[in-house]
Amino acid sequence: MGYRVAVVGATGNVGHEMLKILAEREFPIDEIVALASRRSLGTEVSFGDKTLKCKDLEQFDFTGWDIALFAIGSDATKIYAPKAAATGCVVIDNSSLYRYDPDVPLVVPEVNAEAVDGYTKKNIIANPNCSTAQMVVALKPLHDRARIKRVVVSTYQSVSGTGKEGIDELWNQTKGVFVPGQEVAPSVYPKQIAFNVIPHIDVFLDDGSTKEEWKMVAETKKIMDPKIKVTATCVRVPVFVGHSEAINIEFEDFLAEDEARDILREAPGILVVDKREDGGYVTPIESVGEYATYISRIRQDSTIENGINLWCVSDNLRKGAALNAVQVAEVLGQRCLKKG
């Protein structure tokens, strides 16, 4: 016996990935439905070797459905997630709407799978921000060994994190640089993204940080440990898919780089590629379409007593969004729903 699963926002980048990953991982499904806004009614999307026609989210009745994977914005989620949850369908939400709600578990299965048990309060589970998800996968096994005091992270985030509009803007601006008369002014981003980097993701807050940076701080504390101090600088780079992070970690106890490397090699969801030679590391283009969070450039930080530096790369549409949501559904099934 399998599950009845709804994918909400099936025509978007993350929705496409959710359908692809559900099929790839052979999630036990009895019935699946693709949902989108009314303007996408009848649009065809792929699920394995099948083709699904999108149904209208506004008119859909979630009664009798087990799991709904939401990949739509916070405004629409605010309307439809509670409706789905009220019918008994468990919502796994990829928006930021419920991440900081104390009654909604925020889950990365490699890190805090047991938190799924708290879904019953609202019938909703939150997916973290893409940049947080890959970072905590890397941090958790090291934290278990040496207790993390402080994290300093600088991100290099791809335009797919903004959605199709960000991808189109990078593509069109890049072409426009080389074709006179086809220059494209910034509209999605505040400055040109082609051949540039922008130290600004989401809105600015009163303390000078951006909301993306605040998310990394708040979510790391909720998922892992409220005692961990985190400071982040989030940067948009002209890469289509794949987020990268340079992470500096200060521990309570000494951790040698060789032991850190061994710990990470054994940790779930991680693939270590760390050779001290040309090309002996992973870049975002190699992470595209992959499940793993890749770790490279592991080395001691000699400027502090107990410090490690590392480089972390992952496909933001997968581990940062769709893959994590499907993994949460798998854990939910195994621990709580027990079908399939």
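The values are calculated or read from the model by the stated rules, or taken from the named source; none is laboratory data. This is a predicted model, so every value here is computed, not measured. Cβ placement follows ideal geometry from the backbone for every residue including glycine, while neighbour counts extend to all protein chains displayed. All accessible areas refer to the heavy atoms of the entire protein, side chains included, with ligands and DNA or RNA removed. Shrake-Rupley method; radii C 1.70, N 1.55, O 1.52, S 1.80 Å.
Regarding the stretch 120-132, can at least one residue be identified that is outside any loop (DSSP other than H, G, I, E, B), aliphatic (A, V, I, L, M) and under 30 Å from VAL197 (Cα atoms)? Give the derivation first.
Just the residues of the stretch 120-132 that are outside any loop (DSSP other than H, G, I, E, B), to begin with: 120-121, 124-126, 130-132.
Cutting the leftovers down to aliphatic (A, V, I, L, M) gives us 124-126.
Now drop any that are not under 30 Å from VAL197 (Cα atoms), which leaves 126.
Yes, the conditions are met somewhere in the stretch 120-132.
All but one of (1) under 30 Å from ALA113 (Cα atoms); (2) of a type in the set (Asp, Glu); (3) open to solvent by 20 Å² or more (accessible area, probe 1.4 Å) hold for GLU219, so report the exception by its number. (3) is the only condition that GLU219 fails. Considering only residues that are in contact with a helix residue (DSSP H, G or I) (Cβ under 8 Å, 6 or more places away or on another chain) and over 24 Å from ASP144 (Cβ atoms), look in the stretch 288-317 and name the one that is most open to solvent (accessible area, probe 1.4 Å). Here the residue is GLU290. Right, ARG38: within 30 Å of LEU264 (Cβ to Cβ) and among the basic types (Lys, Arg) or not? The answer is no for ARG38. Scanning the stretch 231-253 for residues that are open to solvent by less than 20 Å² (accessible area, probe 1.4 Å) and over 16 Å from the mean Cα position of the chain (by Cα), we see that the one that is farthest from GLU110 (Cα to Cα) is VAL237. Criterion applied to GLY73, GLY118 was being modelled with pLDDT of 95 or more, surrounded by 13 or more Cβ atoms within 10 Å (Cβ to Cβ) and not hydrophobic (A, V, I, L, M, F, W, C), and the one residue passing it is GLY118.
What residue, among those in the stretch 89-113 that are touching a residue at least 60 places away in the same chain (Cβ under 8 Å) and more than 17 Å from the chain's Cα centre (by Cα), is surrounded by the most Cβ atoms within 10 Å (Cβ to Cβ)?
Here is the first cut: in the stretch 89-113, the residues touching a residue at least 60 places away in the same chain (Cβ under 8 Å) are 89-90, 92, 94, 96, 99-100, 106-113.
Those still in the list that are more than 17 Å from the chain's Cα centre (by Cα) too: 89-90.
Numbers: CYS89: 22, VAL90: 25.
Once the filter is applied, the top-ranked residue is VAL90.
Pairs linking a residue in the stretch 187-216 that is under 14 Å from ALA232 (Cα atoms) to a residue that is aromatic (Phe, Trp, Tyr) and open to solvent by 20 Å² or more (accessible area, probe 1.4 Å), with Cβ atoms under 7 Å and 6 or more positions apart or on different chains, are LEU205/TRP214; THR210/PHE204.
Considering the conditions (1) touching a helix residue (DSSP H, G or I) at 6+ places or on another chain (Cβ under 7 Å); (2) surrounded by fewer than 12 Cβ atoms within 10 Å (Cβ to Cβ); (3) touching a residue at least 60 places away in the same chain (Cβ under 8 Å), GLU266 is excluded by exactly one of them, (1).
Mind listing just one residue for me: the one in the stretch 11-22 that is open to solvent by less than 10 Å² (accessible area, probe 1.4 Å) and out of contact with any Ser or Thr (no Cβ under 8 Å at 6 or more places or on another chain) and, of those, farthest from TRP65 (Cα to Cα)? Show your work before the answer.
We begin by selecting, within the stretch 11-22, every residue open to solvent by less than 10 Å² (accessible area, probe 1.4 Å); these are 15, 18-19, 21-22.
So of that shortlist, the ones also out of contact with any Ser or Thr (no Cβ under 8 Å at 6 or more places or on another chain) come out as 15, 18, 21-22.
Numbers: GLY15: 18, MET18: 17, ILE21: 19, LEU22: 16 Å.
Restricting to residues being open to solvent by less than 10 Å² (accessible area, probe 1.4 Å) and out of contact with any Ser or Thr (no Cβ under 8 Å at 6 or more places or on another chain), the top hit is ILE21.
Please enumerate the residues belonging to the stretch 163-182 that are exposed (fewer than 14 other Cβ atoms within 10 Å of the Cβ) and acidic (Asp, Glu). The one that is exposed (fewer than 14 other Cβ atoms within 10 Å of the Cβ) and acidic (Asp, Glu): GLU165. Looking at ARG25, ARG39, just one residue is over 16 Å from TYR119 (Cα atoms), free of Cβ contacts under 8 Å to residues at least 12 places away in the same chain, open to solvent by 40 Å² or more (accessible area, probe 1.4 Å) and of a type in the set (Lys, Arg), and that residue is ARG39.
Tell me whether the stretch 25-33 contains one or more residues that are aromatic (Phe, Trp, Tyr), at pLDDT 95 or above and more than 20 Å from LEU332 (Cβ to Cβ).
Residues of the stretch 25-33 that are aromatic (Phe, Trp, Tyr), as a first pass: 27.
After this cut, where a residue has to be at pLDDT 95 or above as well, the list is 27.
When the remaining residues are screened for being more than 20 Å from LEU332 (Cβ to Cβ), the result is none.
No, because not a single residue in the stretch 25-33 is aromatic (Phe, Trp, Tyr), at pLDDT 95 or above and more than 20 Å from LEU332 (Cβ to Cβ).
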